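The values are calculated or read from the model by the stated rules, or taken from the named source; none is laboratory data. Quick caveat, the model's predicted, so the values are computed rather than measured. Quick reminder, even Gly has a Cβ in these numbers, built from the backbone with ideal geometry, and neighbours come from all protein chains shown.
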Amino acid sequence: MIGRSTGFRLVFVALLVAAMALAVVVAGDPPDSEINPVTGNIESVDATLEGGAYQIRHVIDEGPGLPRTVDRLTTSSTPSLDPRIAITSNGDTCVTWWEDAGIDKVLYRRYELASSAWGPIQLVSDLDESSRHPEIVIHGGAIWIAYEIGVGAATGIAVTSGGDGSDPFPYHNLVANTSFTEEKDTLIHSEADHLWVTWIDSLSEVGWSAYDAASATWSVPAYESYVADDVDAARERIRSQIVP
C-alpha cells in the first residue's frame, strides 16, 4: 500500500516532470543576444511555441525595473527555428532564422532604428534549395549570413551578403560540400578585417574557408583536426591562422 505522503510525493514528482517537459517544449531555441551599440539595450531573439507552431520573438531589455519590449516577427503555421541576431553600427537590428517547411528556407527581417519599424520578411535562400541553420554577422558594413543547403546526400555550406533593398541577398557562394550526416554547427566569424566560416566536417575535422575581399572570393576548403582535443580548440587554431 502507498501511504498518503508517499502518494503525494509521487504525484508532485510526476507534475514536476511534466512541467519541466512542457517548459522545454514551450521555451524552444535558446535565445541569441547582442548589445545595441546605439541604444545600449540588450536585444535577444528566440523561438517560442505559440498556437501550435514555433514563432520568432524579439525582446529588448532596457534594464532593471523597466518593462521589456516584445515583438513577434513571424505568424507562420510552419515552425520558425534557430533565430540569430546581429546589430549594425547605426543601431539597426538584423534577424535571420529558418522555416521548417516542405522545402526549408532561410528568412531575414530588419528593424530600422531611425524609423522605429520592422521591414518585411525577406527570403535569403533559393526557393528550390532546402536551407537551414543560418548564422549572421556584420562585416565591412554589410550583413553576411552562412547557412546549410541540402545537396543530395551531402550538405552545402553557403554564404551570402547584402541586406538592403527588395532583394537583399540576390546570390550566394557555395564554399564547400560535406558528407557528414551529424550536426555541422556552421558558424561565420568576423574579426578586424577578416571573415571566415567554419563547420564540423567529420568526427575528426573542422572545415573552414576564408574570404578574400580583394578578389571577392572564398578560399578552397581546408581542414583542422580535433582528434587530440575538441571542436572549439580546432576553431581557435583556425582563427590563429587567419587573424595575425
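Look at the stretch 86-121 and say how many of its residues are surrounded by 20 or more Cβ atoms within 10 Å (Cβ to Cβ) and touching a Lys or Arg at 6+ places or on another chain (Cβ under 8 Å).
Total satisfying the criteria: 10.
What pairs come out if I take residues in the stretch 83-101 that are assigned by TED's automatic domain parsing to the domain that holds Ile149 and pair them with residues that are of a type in the set (D, E, K, R) and at pLDDT below 95 whose C-beta lies under 9 Å away, six or more apart or interchain?
Once the first residue is assigned by TED's automatic domain parsing to the domain that holds Ile149 and sits in the stretch 83-101, its partners that are of a type in the set (D, E, K, R) and at pLDDT below 95 give Trp97/Asp29.
Farther than 21 Å from Ile149 by Cβ and not assigned by TED's automatic domain parsing to the domain that holds Gly140: does that describe Arg110? Don't jump to the end; show me each part of the working.
Details: farther than 21 Å from Ile149 by Cβ: yes; not assigned by TED's automatic domain parsing to the domain that holds Gly140: no.
Answer is no for this residue.
Here is a list of conditions, (1) out of contact with any Pro (no Cβ under 9 Å at 6 or more places or on another chain); (2) buried (at least 18 other Cβ atoms within 10 Å of the Cβ), and Ser225 meets all of them except one; can you say which number that is?
Ser225 satisfies every listed condition except (2).
I'd like the full set of residues that are on the phi > 0 side of the Ramachandran plot and surrounded by fewer than 21 Cβ atoms within 10 Å (Cβ to Cβ), limited to the stretch 61-85.
Looking only at the stretch 61-85, we keep the residues that are on the phi > 0 side of the Ramachandran plot, and these are 63, 65, 82.
Gly63, Gly65 - these are the residues of the stretch 61-85 that are on the phi > 0 side of the Ramachandran plot and surrounded by fewer than 21 Cβ atoms within 10 Å (Cβ to Cβ).
If you go through the stretch 90-98 one residue at a time, do you hit one that is on the phi > 0 side of the Ramachandran plot, in contact with a Pro (Cβ under 9 Å, 6 or more places away or on another chain) and outside any loop (DSSP other than H, G, I, E, B)?
Initially, the stretch 90-98 is screened for residues on the phi > 0 side of the Ramachandran plot, giving 91.
Pick out the ones that are also in contact with a Pro (Cβ under 9 Å, 6 or more places away or on another chain) and you get 91.
So of that shortlist, the ones also outside any loop (DSSP other than H, G, I, E, B) come out as none.
For the stretch 90-98, residues on the phi > 0 side of the Ramachandran plot, in contact with a Pro (Cβ under 9 Å, 6 or more places away or on another chain) and outside any loop (DSSP other than H, G, I, E, B): absent.
Please list, ordered by first then second residue, the pairs with beta carbon atoms under 6 Å, 6 or more apart or interchain, first in the stretch 111-122 and modelled with pLDDT of 95 or more, second assigned to a loop (DSSP other than H, G, I, E, B) and surrounded by 10 or more Cβ atoms within 10 Å (Cβ to Cβ).
Glu112/Asp92; Leu113/Gly91; Leu113/Asp92; Gln122/Pro168
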